[in-house]
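S.K.: Take this structure, written in structure tokens, and hold onto it; I'll ask about it next.
The values are calculated or read from the model by the stated rules, or taken from the named source; none is laboratory data. From a predicted model like this one, the values you see are computed outputs, not experimental measurements. Note that each Cβ is placed from the backbone with ideal geometry, even for glycine, and that neighbours are counted across all protein chains shown. Each accessible area value is taken on the protein alone, full model and side chains, heavy atoms only, with ligands, DNA and RNA left out. Shrake-Rupley method; radii C 1.70, N 1.55, O 1.52, S 1.80 Å.
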Amino acid sequence: MSNLIAPSLLAADFANLQQDIEMVNNSKADWFHIDVMDGVFVPNISFGMPVLKAIAKHATKTLDVHLMIVNPDKYINTFADLGADILTVHYEACTHLHRTVQAIKAAGMQAGVALNPHTPIAVLEDIITELDVVCIMSVNPGFGGQSFIENTYKKVSQLKHLIEFTASNCKIEIDGGVTTQNANALIEAGANVLVAGSFVFGAENPTNTIEDLKNIIA
Ligand code: DX5
Ligand code: ZN
């Protein structure tokens, strides 16, 4: 399977969101990456349900919703109703992660877990076979446009080993500071999904930039 590209709408033009959504619809991108921040789990507030509802109306590809919020359990059914296909919660925000993951699946979505840069892969040992996606944060969550943390490569390899060892079907997603400079090494280490915000929407030609990322083969 070739790698999947998930442009992050956090870096889109919010005053022309429909235009940016159509660009992604008509590009080689595979998923829409949608960052929901609550100003509590992370030091920033992005957007919430009404905006996701508007996005879902126009988006024709998989909606990959990344929750950077405390108490995500409270909103699982709401996100399912809004059309999320994949719901990713943070390991650091979930006391009863196994229960949360089961609830996401029971609501009909694929379940993802995101790890902050300081959180080791080993914490997923006893839940990896239940997961559809692990999102390795390659920046501290909260903002787009930050620089990629190099320690990520090591974590990708460790996660790939864990997935192989447990025969899990889980995908490895990388989120933060992804560019054509590091994409190759990430895919080589085992990444399956590349999230890119500012690199795509800050480019002169976002459609071509998505294609450049898509064409990277390790
Ligand atoms: C960061 C978000 C990312 C962000 C990535 O908290 O989870 O998805 O939009 O943006 P870039 O690609 O600009 O680092
Ligand atoms: Zn994200």
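S.K.: For the range 175-191: of the residues being more than 16 Å from ligand 1 (Cβ to nearest atom) and not aliphatic (A, V, I, L, M), which is surrounded by the fewest Cβ atoms within 10 Å (Cβ to Cβ)?
M.R.: Asn184
S.K.: Still on this model: Return the residue satisfying two criteria in turn: it lies in the range 126-152 and is away from ligand 1 (no atom under 16 Å from the Cβ) and open to solvent by 40 Å² or more (accessible area, probe 1.4 Å), and of such residues it is farthest from the chain's Cα centre (by Cα).
M.R.: Taking the range 126-152 and keeping what is away from ligand 1 (no atom under 16 Å from the Cβ), we get 126-132.
With the extra rule that they be open to solvent by 40 Å² or more (accessible area, probe 1.4 Å), the set shrinks to 126, 129-130, 132.
Working: Asp126: 21, Thr129: 19, Glu130: 17, Asp132: 12 Å.
Of everything passing the filter in the range 126-152, Asp126 is farthest from the chain's Cα centre (by Cα).
S.K.: If I ask for residues that are farther than 16 Å from Pro7 by Cβ, in contact (Cβ under 8 Å) with a residue 24 or more places away in the chain and of a type outside the set (A, V, I, L, M), which ones from the range 48-74 would you list?
M.R.: Hits for the range 48-74 are Lys53, Pro72, Asp73.
S.K.: State all residues of the range 4-22 that are aliphatic (A, V, I, L, M), over 11 Å from His58 (Cα atoms) and within 16 Å of ligand 1 (Cβ to nearest atom); if no residue qualifies, say none. Give the derivation first.
M.R.: Of the range 4-22, the ones aliphatic (A, V, I, L, M) are 4-6, 9-12, 15, 17, 21.
Next, from what is left, pick out any that are over 11 Å from His58 (Cα atoms): 4-6, 9-12, 15.
Listed by number, the residues that qualify are Leu4, Ile5, Ala6, Leu9, Leu10, Ala11, Ala12.
S.K.: Among the residues that make up the range 67-83, is at least one of them surrounded by 21 or more Cβ atoms within 10 Å (Cβ to Cβ) and part of a strand (DSSP E or B)?
M.R.: yes
S.K.: Any idea which of (1) more than 16 Å from ligand 2 (Cβ to nearest atom); (2) surrounded by 19 or more Cβ atoms within 10 Å (Cβ to Cβ) is the one Leu213 doesn't satisfy?
M.R.: That leaves (1) as the condition not met.
S.K.: OK, next. So Thr95 clears everything in (1) more than 13 Å from ligand 2 (Cβ to nearest atom); (2) part of a helix (DSSP H, G or I) except one condition, right? Which one?
M.R.: (2)
S.K.: I'm trying to understand the selection: among the residues of the range 27-63, which are within 17 Å of Ala114 (Cα to Cα), in contact with a Ser or Thr (Cβ under 7 Å, 6 or more places away or on another chain) and either charged (D, E, K, R) or away from ligand 1 (no atom under 14 Å from the Cβ) (or both)?
M.R.: Asp35
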